[in-house]
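Student: Dropping a structure here in structure tokens format, bear with me for questions.
No lab work stands behind these numbers, since they all come straight from the coordinates. Note that the structure is predicted; figures quoted are calculated from it, not measured. Note that we place each Cβ from the backbone using ideal geometry, even for glycine, and neighbour counts take in every protein chain shown.
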Amino acid sequence: MDIDKAVKLLNARAHPSSHKRCAHYIGRALEAGGAIIAKPRYAKDYGPALLSIGFRAVPKTGYLPQKGDVIVLDPPQGKIAGHIQMFNGDIWVSDFNQHAEIYPGGAYRREQVDYRIYRP
């Protein structure tokens, strides 16, 4: 998989704020990088699909993000979809430009939801 191509598409399409389409945008970015991936409906369900295309799980302890890393976050209370994002080398990006921190904002940050890290 070509991470640079995936990140290039993701950066080009990202909005200033969320459009609630993170799973779609990450799936398209992975495809732009050459991955053939079965895209789950919800962001929270992307883990097995990432593993099936060669990503590996990365432990949280001592974690330092690398370009192309993908994080799958559980949904906060009352939500169902969760969130998925990719590190572009500087910040986390999904359907919008986020920050350098793992949590995309709002309830995710307040609740400190659980998440899994995947690396190509």
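Student: Put +1 on the Cβ of every Lys and Arg and -1 on every Asp and Glu Cβ in the chain; which of Ala23, Leu51, Val7 then has its Cα farthest towards the positive end of the dipole?
Tutor: Value computed over the given set: Ala23.
Student: Calculate one ³J(HN,Hα) per residue across segment 18-28 by plugging θ = phi - 60° into the Karplus curve 6.51 cos²θ - 1.76 cosθ + 1.60, and present them in order as whole Hz with x for glycine and proline.
Tutor: Computed from phi, the couplings for segment 18-28 are 5, 10, 6, 9, 4, 4, 5, 5, 5, x, 5 Hz.
Student: A follow-up question, please. Beyond 20 Å, what share of the Cα-Cα pairs of the chain is found? Please give it as a whole percent. Before the final figure, lay out each step's value.
Tutor: Numbers: 2315 of 7140 pairs.
The answer is 32 percent, as a whole percent.
Student: As a check on your grasp of the helix formula, calculate [θ] at 222 nm for the chain: sum -39500 (n - 2.57) over DSSP H runs of n ≥ 4, divide by the residue count, round to the nearest 500.
Tutor: -8000 deg cm²/dmol
Student: Multiply the residue gap between Arg41 and Ala57 by 0.36 nm, knock off their C-alpha separation, and tell me the result in nm, one decimal place.
Tutor: My answer for the length gained is 3.7 nm.
Student: Answer rounded, prolate or oblate for segment 58-120, using the Cα gyration tensor with square roots of eigenvalues a ≥ b ≥ c: rounded when a/c is under 1.5, else prolate when a/b is larger than b/c, else oblate.
Tutor: Because a/c hits 1.5 or more and a/b exceeds b/c, segment 58-120 counts as prolate.
Student: Taking the Cα centre of the chain as origin, work out the dipole magnitude from +1 charges on Lys and Arg Cβ and -1 charges on Asp and Glu Cβ, in debye rounded to 20. Don't skip to the answer; put the middle values down first.
Tutor: Details: 17 positive and 11 negative charges, 42 e Å.
That gives a dipole near 200 debye.
Student: Okay, next question. Suppose every Lys and Arg Cβ carries +1 and every Asp and Glu Cβ carries -1, with no other charges. What dipole size does segment 2-70 come out with about its Cα centre, to the nearest 20 debye?
Tutor: It comes to approximately 240 debye.
Student: Sticking with this one: Within a 10 angstrom radius of the beta carbon, how do Ser18, Ser52 rank from fewest other beta carbons to most?
Tutor: Ser52, Ser18
Student: GNM on the chain, C-alpha springs below 10 Å: top fluctuator among Asp45, Asp74, Asp90?
Tutor: Fluctuation is largest for Asp90.
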